[in-house]
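Take a look at the structure set out below.
Just so it is clear, none of the values below were taken in a lab; they were calculated from the coordinates. None of these values were measured; they are calculated from a predicted model. Note: ideal-geometry Cβ built from the backbone for every residue, glycine included; neighbour counts use all protein chains shown.
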Amino acid sequence: MNRIKIKIGSLLVAMFVLAACKSEKTVGFTLHSLTLKSAKMAGLPVQNVYLKVVQMQNGTQQVLSTTGKYPSAYTLPVTFGLSAPIKMNLYTNTYSFQLYGDSSAFIGSTSINMGDYKIIYPLEMDTKNGSLVISLSGTWP
């Protein structure tokens, strides 16, 4: 009789643990700020620069947030706060982080694909391409 109770108890605990675990496909990341660490802007006029957070899905682009402006003549890195935190599902959606200037418009972009990351619980992660390095800061639930 005790063996049956132990087996039932173990089964219930295992089911509870499995139900409590979230699949990485549903875990959301809340973005709080972006840090522009470096950008190649040689040959561009001195101007105010800003970042856009864009969700890429099914061939469409949706701008989720636009940061404040920062003079390109000033030194980097610079951290941009967001007017409101953005909930992002980094495992199922692709996001692009785009740098713009007042006078030159689009300067460059980089995107994040969680398939490229082997990070379990980052609070900050970098995304970069050849000319742009941006760090994302936020929290996991």
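Each Cα pair under 8 Å and six or more residues apart adds its sequence gap; the mean of these over the residue count of the stretch 34-136 is a relative contact order of 33 percent.
Its Cα centre serving as origin, the stretch 23-139 has a Cβ charge dipole (Lys and Arg +1, Asp and Glu -1) of approximately 40 debye.
Sorted fewest first by neighbouring Cβ atoms within 10 angstrom, LEU64, LEU51 come out as LEU64, LEU51.
Arranged from fewest to most other beta-carbon atoms within 10 Å of their beta carbon, LYS40, LYS52 become LYS40, LYS52. Built from the Cα atoms of the stretch 23-139, the convex hull projects on average onto 7.3 nm², one quarter of its surface area.
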